[in-house]
Amino acid sequence: MGVEVAVQGLTKSFNGQPVWSDISLTLPAGEISVLLGPSGTGKSVFLKTLVGLLRPDRGSIVIEGLDLPRLSERALYEVRKLFGVLFQDGALFGSMTIYDNVAFPLREHTRKTEAEIRAVVTEKLDMVGLVGAERKLPGEISGGMRKRAGLARALVLDPRIVLFDEPDSGLDPVRTAYLNQLIIDLNQRTEATFLIVTHDINTARTVPDNIGLIYHGHLAMFGPREMLLSSTEPVVRQFLNAQRIGPIGMAEEKDAEELAAEAQAGVELPPLPPIPPQLPPSDGRPRRAERPPGQWCREHGVTPPPGSFTGAEWSGQRDHQAGPVGTGGGPR
Amino acid sequence: MSAPVTAVRRSGEFFAFCLDALRGLGRRPVQVREFVQQAWFISSVSILPAALVSIPFGAVIALQLGSLVRQLGAQSFTGAASVLAVVREAGPIVTALIIAGAGGSAICADLGSRKIREELDAMQVLGIDPIQRLVVPRVLASMLVAVLLNGLVSVVGVSGGYAFNVVMQGGTPGAYLASFQALGQLPDLLVGEVKALLFGAAAALVASYKGMTAKGGPKGVGDAVNQSVVITFMLLFALNFLVTAVYFQVVPQKGS
Ligand SMILES: Nc1ncnc2c1ncn2[C@@H]1O[C@H](COP(=O)(O)OP(=O)(O)OP(=O)(O)O)[C@@H](O)[C@H]1O
Ligand SMILES: [Mg+2]
């Protein structure tokens with residue numbers, strides 16, 4: 001079962017330079033949440049703060065009644081056993097083979113025999129499509145493969161909270177689709193709490209139960225997927241629809257002049273695209289955290305953009321299982 | 001932040017780091033494999049340079065002392081003087097330089113690149129303390145190798161000095177050995193080994209600390225290695241002075 005993560009008033013700065021301040025959000029137990037934000041807004045820093053690798057200046061992170069920033073190092077090591085983390089670059093141990101990397105947590109923390117370890121490691125490697133690459137060193141495989149190996153290692157101890165730092169960057173579109181399906185299926189099976197940092201708009205729109213957006217040092221919005229996808233808040237709307245028109249510029253923020261000029265020119269905001277249906281688990285049975293499409297909109301009296309939840313916009317994304325490339329079709 | 005404040009803070013952090021390492025020493029499970037690997041690695045990079053440095057070092061000491069002692073008219077003590085100089089001072093110093101230069105720089109580069117590749121973060125997230133898992137075995141390995149290396153350097157240095165004195169300066173083997181008997185004692189050897197032990201620990205601690213706090217990409221690792229070698233050298237010479245001063249206060253010297 002998943003664990004709830006309650007973040008309250010979190011603030012972090014480096015050498016007096018604030019990265020973000022006053023972030024409050026709750027990752028609901030067992031649900032998938034996505035965290036978005038322009039490059040350099042501190043998403044990776046946020047993940048590292050959640051696992052206690054960085055200490056926040058202020059604020060609390062409560063997990064199972066424990067406030068992480070106030071724990072001693074020893075106690076932190078205990079709490080961290082709840083977590084599985086996929087780092088942005090995989091963070092594999094460079095001196096160990098892929099197999100040993102994935103086996104490492106089992107060898108350190110369990111009393112399993114080598115045969116039992118082999119079974120678990122092979123299962124996880126098969127899941128991420130890396131069977132056949134066991135004997136390679138991290139330096140000898142591609143970035144996307146390193147990432148998948150990092151994922152296998154993060155999942156090997158059956159964590160109850162899984163943090164993914166850009167699982168899909170550096171992956172090809174087919175593998176990204178498989179990875180998204182894998183995330184959904186994993187969530188269905190383990191019911192762990194997931195937090196995914198991503199830049200992939202398709203992932204953000206179709207995978208999560210909740211979406212959050214960090215912008216300009218603050219949490220612009222955090223809530224159910226339908227709430228953000230139907231939001232007309234300028235920043236949220238611009239980011240979730242990958243548009244140039246809006247408050248976000250190339251260098252973080254457009255200045256007032258530019259915005260005024262944009263308003264003067266009378267640039268029409270394009271209409272909100274329809275909300276796509278959420279990616280279903282591959283066996284067809286619902287996830288525990290899943291909510292019926294359109295429920296949030298109905299409950300809050302929001303009319304979703306026309307064409308929502310019909311899947312019209314995303315039809316090409318859903319029948320990929322018929323394709324010839326399996327996740328297991330890696331470097332065999 | 002002003003420079004002195006930063007310096008004081010760094011020293012404080014380093015001290016805290018050393019305490020953490022000390023605490024990690026008592027924690028299970030003991031990392032035997034890592035220790036053996038590291039001991040093997042450090043000795044493989046340091047034995048040859050140590051032997052090669054200690055021969056000329058022993059010879060230079062013999063040469064210097066040989067002429068000095070002759071000027072003073074105390075030829076019969078050449079042996080004692082050069083053996084004591086090698087065993088008490090030169091041996092540990094050569095060991096320290098080699099351990100810091102060859103072993104320490106390798107440790108720092110290794111931990112530094114693990115740091116910037118986020119391997120250390122990943123390890124912490126997997127619930128493993130890098131200090132206990134990586135630093136403690138390195139410090140222990142470095143101490144062990146330093147002690148062994150000091151033995152090697154002393155033997156090679158003394159033989160070098162002996163050969164030089166007897167063969168080239170026309171000293172007699174009997175006088176060389178007898179004078180050593182007259183002035184040398186067991187604590188001389190022990191203090192050399194104690195020094196080597198301390199130097200080994202200090203070199204590995206500084207290298208590990210610098211490596212684990214490296215930041216700013218590959219260039220940061222290079223800077224960290226550079227600083228760690230310089231800092232270790234300064235620290236070792238200061239330590240050497242302290243130990244020597246204490247030694248002469250505590251251990252009564254023969255013939256004085
Ligand atoms: N250890 C650190 N010391 C000082 N500054 C840091 C440190 N780590 C991150 N920063 C700074 O914090 C800011 C946020 O970095 P972070 O890596 O979290 O961005 P991000 O949102 O993950 O970006 P991206 O999407 O490109 O991965 C950056 O400006 C970075 O320079
Ligand atoms: Mg990042």
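The values are calculated or read from the model by the stated rules, or taken from the named source; none is laboratory data. Everything numeric here is computed off the predicted structure, so don't read it as measured data. Neighbour counts run over all protein chains shown; Cβ positions are idealised from the backbone, glycine included. The protein model used for the area step is the full one, side chains on, heavy atoms only, and it has no ligands, DNA or RNA in it. Shrake-Rupley method; radii C 1.70, N 1.55, O 1.52, S 1.80 Å.
Considering the stretch A:159-175 alone, what residues qualify as being at pLDDT below 90, charged (D, E, K, R) and away from ligand 1 (no atom under 16 Å from the Cβ)?
A:Asp172, A:Arg175
What number of residues within the stretch A:34-64 are away from ligand 2 (no atom under 16 Å from the Cβ) and closer than 27 Å to A:Arg291 by Cβ?
Matching residues across the stretch A:34-64 total 4.
Could you tell me which residue of the stretch A:154-182 is farthest from the other protein chains (Cβ to nearest Cβ), considering only residues that are within 16 Å of ligand 2 (Cβ to nearest atom) and of a type in the set (D, E, K, R)?
If we take residues in the stretch A:154-182 being within 16 Å of ligand 2 (Cβ to nearest atom) and of a type in the set (D, E, K, R), then A:Asp168 is farthest from the other protein chains (Cβ to nearest Cβ).
Does at least one position in the stretch A:68-86 carry a residue that is touching a residue at least 12 places away in the same chain (Cβ under 8 Å), of a type in the set (Phe, Trp, Tyr), surrounded by 18 or more Cβ atoms within 10 Å (Cβ to Cβ) and facing another protein chain (nearest Cβ under 8 Å)?
Yes, there is a match, as at least one residue in the stretch A:68-86 is touching a residue at least 12 places away in the same chain (Cβ under 8 Å), of a type in the set (Phe, Trp, Tyr), surrounded by 18 or more Cβ atoms within 10 Å (Cβ to Cβ) and facing another protein chain (nearest Cβ under 8 Å).
Can you name every residue in the stretch A:4-13 that is away from ligand 1 (no atom under 11 Å from the Cβ) and surrounded by fewer than 17 Cβ atoms within 10 Å (Cβ to Cβ)?
Residues satisfying the conditions are A:Glu4, A:Ala6, A:Gln8, A:Gly9, A:Thr11.
Within the stretch A:125-146, which residues are in a helix (DSSP H, G or I), surrounded by 14 or more Cβ atoms within 10 Å (Cβ to Cβ) and either away from every other protein chain (no Cβ under 14 Å) or in contact with a Ser or Thr (Cβ under 9 Å, 6 or more places away or on another chain) (or both)?
Result: A:Leu125, A:Asp126, A:Met127, A:Pro138, A:Gly144, A:Met145.
Kindly provide the set of residues from the stretch A:199-213 that are within 16 Å of ligand 1 (Cβ to nearest atom) and touching a residue at least 60 places away in the same chain (Cβ under 8 Å), ordered by number.
A:His199, A:Thr203, A:Ala204, A:Ile211, A:Gly212, A:Leu213
So in the stretch A:92-111, with the set limited to residues that are facing another protein chain (nearest Cβ under 8 Å) and within 12 Å of A:Gly139 (Cβ to Cβ), which one is modelled with the lowest pLDDT?
A:Gly94
Yes or no: the stretch A:183-198 includes at least one residue that is within 14 Å of chain B (Cβ to nearest Cβ), touching a residue at least 40 places away in the same chain (Cβ under 8 Å) and closer than 27 Å to A:Glu64 by Cβ.
Yes; the residues of the stretch A:183-198 include at least one that is within 14 Å of chain B (Cβ to nearest Cβ), touching a residue at least 40 places away in the same chain (Cβ under 8 Å) and closer than 27 Å to A:Glu64 by Cβ.
Looking at the stretch B:217-236, which of the residues that are more than 23 Å from the chain's Cα centre (by Cα) and away from ligand 2 (no atom under 16 Å from the Cβ) is most open to solvent (accessible area, probe 1.4 Å)?
Checked the stretch B:217-236; the qualifying residue most open to solvent (accessible area, probe 1.4 Å) is B:Lys219.
What is the number of the single condition among (1) more than 16 Å from ligand 2 (Cβ to nearest atom); (2) farther than 18 Å from A:Met221 by Cα; (3) more than 19 Å from the chain's Cα centre (by Cα) that A:Phe14 does not meet?
(1)
Mind counting the residues in the stretch A:89-105 that are aliphatic (A, V, I, L, M) and surrounded by fewer than 20 Cβ atoms within 10 Å (Cβ to Cβ)?
1
Test B:Phe35 against the stated conditions and say whether it is more than 14 Å from every other protein chain (Cβ to nearest Cβ) and open to solvent by 30 Å² or more (accessible area, probe 1.4 Å).
yes
When the residues of the stretch A:14-56 are filtered to those that are within 14 Å of another protein chain (Cβ to nearest Cβ) and assigned to a strand (DSSP E or B), which remaining residue is farthest from ligand 1 (Cβ to nearest atom)?
A:Gln17
Which of the residues spanning the stretch B:105-137 are assigned to a helix (DSSP H, G or I), among the hydrophobic types (A, V, I, L, M, F, W, C) and either touching a His at 6+ places or on another chain (Cβ under 9 Å) or within 11 Å of chain A (Cβ to nearest Cβ) (or both)?
Answer for the stretch B:105-137, where residues must be assigned to a helix (DSSP H, G or I), among the hydrophobic types (A, V, I, L, M, F, W, C) and either touching a His at 6+ places or on another chain (Cβ under 9 Å) or within 11 Å of chain A (Cβ to nearest Cβ) (or both): B:Ile116, B:Leu120, B:Ala122, B:Met123, B:Val125, B:Ile131, B:Leu134.
With the condition kept exactly as written, say whether any residue in the stretch B:182-189 is in contact (Cβ under 8 Å) with a residue 12 or more places away in the chain and within 14 Å of chain A (Cβ to nearest Cβ).
no
Taking B:Val153 as meeting all but one of (1) within 14 Å of another protein chain (Cβ to nearest Cβ); (2) crowded, with 24+ Cβ neighbours inside 10 Å, write down the number of the exception.
Single failed check for B:Val153: (1).
Hey, among A:Phe93, A:Phe87, which residue is within 16 Å of ligand 1 (Cβ to nearest atom) and of a type outside the set (A, V, I, L, M)?
Only one candidate qualifies: A:Phe87.
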